[in-house]
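A short reminder: the numbers here are calculations on the coordinates, not readings from a lab. Remember, predicted model here, so these are calculated numbers, not experimental data. FYI the Cβ positions are ideal-geometry reconstructions off the backbone, even for glycines, and counts take in every protein chain you see.
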Amino acid sequence: MNAEAKFAKLGSARRYSFRVQGLDCAEEVAVLRREVGPLVGGEGNLAFDVLNGRMTILDSAIPVSVDDIRAVVERTGMTAVEWQPQDTDARGALQSTIGTRVWFTTLSGLCVVVGLMIHAWFAGGLADALRLLGTHAGQAIPLPEIAAYLAAIVFSGRFVIVKAWYSAKSLRPDMNLLMTVAVIGAIAIGEWFEAATVSFLFALSLMLESWSVGRARRAIAALLDLAPPVVRIVRADGSEAEIAAAEARPGDNFIVQAGQRVPLDGRVVAGTSAVNQAPITGESVPVEKGPDAEVYAGTINGDGALTVEATKAVEDTTLARIIHMVEEAHARRAPSEQWVERFARVYTPAVMMLALLVFVLPPVLIDGEWHAWFYRALVLLVIACPCALVISTPVSIVASLAASARAGVLVKGGAYIELPARLKAIALDKTGTITRGEPEVVRVVPFGDHTEAELLARAAALETRSTHPLPRAVLRYAETKGIVPAPAQDVQVLKGKGLTGNFDGKPFWLGSHRYVIERSQDTPEVARQAETLEADGKTVLVVGNARHVCGVIAVADTIRPEARNVIEQLHAAGIEHVVMLTGDNRVTAEAIAREVGIDEVYAELLPEDKVDKVEELVARYGTVAMVGDGVNDAPALARSSLGIAMGAIGSDATIETADIALMTDDISKLPWLVRHSRRTLRIIRQNIAFSLGVKAIFVVLTFAGVASLWAAIAADVGASLLVVANALRLLGMTPWTVAARGEVDRAM
C-alpha cells in the first residue's frame, strides 16, 4: 500500500488542489473555510497546507467547477491556481511571501521613525517629539511628517487593505477590517502618528504570526532534507554508480558508507553497523543492524558500511509516509481550534457594534465629547483585534504535532492531539503490544532417559518445513543450542492436532496436550507438567513416539519488559481503566494480565468480538483508545474514540485505520502521549486566557480614558509574542527531554 493510501482516513482520495496566493496564516484559512466551504458542501470538505499555500477539495465534496472555486477565492482578496505535480517550489514561494512581508513591515517601521525625527526637528528637540506618545489632540503637522506617516501606513497596509475591502464588501468583518477602520479613524481626527504606529504594529503582528507558524512547520519540513537525493547502487556486474534516489527501484542493491544517511527503505544484505533511527522512530539510542535487518530512509549509518537491498521506491518509504501524514495532519482541526474560530466569528462583529455604541451613546446620553469618545472607540477596535487569540491555538497545535513526529509518534491531525488528554480507558491488544509478538522457547522438560538435546532434535526435525510461529521458535532455540538436524521424512500435518514423521528411521509425533489425550498416551507426569505450564500462560508442545512421551517443550510470547511500568504510568497519568483484548486462550491471557497489572481482560475474541468490547467500553467510559498492531485489530481501532497503531510492526490496514501511529514497537510512548496531549491543552488554555485577559484590562483602561491607540496595539503585539513563545515550548517536548526534566513520573 503506498503513502497516499495510508492517509485514507483523512480523505486521501483527492479531487483537486489549488495553490492560493496570500494563504500564509490561520486567518486566511478561516476566511477560505467560510467562503469556499458552502460551495463544496461544507468546511469539512476542505483541507489546507499552510506550509505550501495549498487548498485541497476533498473527494467528499459536491461537484463544483474549477472556475467557480477561483471566483470565490478571488472574492476574499486572494487568488487560486490549480496545483500541478511539478509545483515543488511552493514552500519557497511561501518563504518569499514572508520575506516580502518582512521588507514591507521594516520599511513601515523606518517611516514611523523618520516621521518622529521630522517632528523632533520641527519641534526643536526629541523631548517635545516624545510628547506625541501621550497626546490625542490633533495638532498642525508639517507635510513632510504627514508624508512619512502616510508612507508607513501604505507599506504596512500592503497585505491588509485588500482583505479588509473584501471583508467589508461581504459584510463579514475580520481583524483586517478592524485595523483599517481604526487607522482611517485616527487619520480623520488628525492622529497621524498613532495611525502610522497602529499600522506598523499590526503589520508586525501579522509578520510574527507568519513567522511563528513557519517556525513550527519548519520542524516538520526539515524531514524533507533527511534522505539524500542520490543513491550509490551496485549493478549486476559488481560496478557501482550514483543515481537519483527517485530512479532507484525495489530490488536494487545500494551502498551506505559510514556516517551517511540511508536514502531508501531496505533490508541489509551485507555489513553490520549501529544506525541512528531517531529522525524516524524517535529512538534516542542507535540500533545495531546486520543482515536481514530493516533500515529506513533518513536514518544515519554509524561506523560500518552497509549493503542494502531497496524494498520501497522513494515515494513509498517510511519517511515519505511520515512527511505526507504530517503535512496533511492539519486537515482535521482540533476542537479548541474550532472553538476559537467560532468565537472569532461572533466576537469581531460584536466588537465593531460595541465600538459604534461607545462612540455614539456617551455624547448623546451624557453629553460627552464626540472627539474623545470617538478616539476611545478606535482604541477599543484596536485592542479588540483577535490577533493573539487567533494565533494562539494553531501554533500550539502545529508545534505539538511537530514534537510528536520528532518523538516517533505520528498524529494524523489536530483533532487527535487533544483526545489523549481526555481518555478514561485504554484497550490493548496482547500479541505485539503487551507481548513481543515473537514466541520463544522458555522451558524444555525431557522425560525418562531422554535428554534436552534429543527432544529438541526430534521437534526441530519434525517442524523444519513448518512456517507457523511456534515451530519457528523451536527451530531458533535449537539453533542456539547448536542443534541443526536433517528434516524429518514423510511429515504429515494433522490439522489442529500436530505433526507426524520419521526421524532417524523411526516414527515420532508432535502435538498439543489434547492430542496426547486423544492418543491415549497421557500420564500423570505429562498432565501435571502440561497443566502447570499452561496455567502460567505458556503453550505446550509434546513430543513422543508410539511407545511413550519423550518430553514437553513450553513456548510463550514473552511479555515486554517495560509493559508493567507502562501500565503503572498510564494509571499515574490519569487513565482509569486499562483493558486487554486478545484472541488467545483465557488462561494465558489472565496470567499475562496479572503479571503486568492490567485491570480487566477479555480473551478468546474474534475481530468482531473486539469491536463489541470496544463499543461496551465507549458506552461505559466515553472516551476510549484502542492500541493494536494486526489486521484483526483494524475494526476495533476504527470503532474506538482514538485508534493507536504500533507502526513499526503494524499492518498497512492498521496504520491506515489508526488516528495515531507509534513508529516503534515501544509502548512506553503511550504515557508520554497522554502527558504531551495534556501539556498541549494546558498551553492552549493559557494562551486563550492570557489573550482575553489582556483585552479585558485594556477595555477597562479604554473606558477610563487612559489607553492610547499605540499602547493598545503594542499590548496586542506583546500578547502575540508571548503566546507564540509559549506555544513553541511544545517543540522541545520529546520523551527524552521530558525525562531529563524529571516529568515522566509526574501526573499532569
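Assorted remarks:
- Under the criterion of Cα pairs below 8 Å and six or more residues apart, the relative contact order for region 228-316 equals 36 percent.
- Here the calculated FRET efficiency for ARG547 and ARG586, from their Cβ-Cβ distance with R0 = 35 Å, stands at 0.55, rounded to the nearest 0.05.
- Cα gyration tensor, region 228-316 - rounded (a/c under 1.5), prolate or oblate: prolate
- A cut-off of 5 Å between modelled amide H atoms, ignoring neighbours fewer than 5 places along the same chain, links VAL230 with ALA245.
- Potential lengthening between GLU240 and SER65 on full extension [0.36 nm per residue; Cα-Cα distance subtracted]: 58.0 nm
- Each residue of region 239-247 is assigned a 3J(HN,Hα), and the resulting list reads 6, 10, 8, 9, 10, 5, 4, 5, 8 Hz, derived from the Karplus form 6.51 cos²θ - 1.76 cosθ + 1.60 (θ = phi - 60°), x at Gly and Pro.
- Cβ charges +1 (Lys, Arg) and -1 (Asp, Glu), total dipole of region 480-552, debye: 140
- Too-long pairs where the Cα-Cα distance tops 19 Å, listed order kept, from LYS424/LYS669; LYS430/LYS669; LYS613/LYS669; LYS430/LYS613; LYS412/LYS669; LYS430/LYS497: LYS613/LYS669; LYS430/LYS497
- Global form of region 436-559, assessed from the alpha-carbon gyration tensor, a/c cut-off 1.5: rounded
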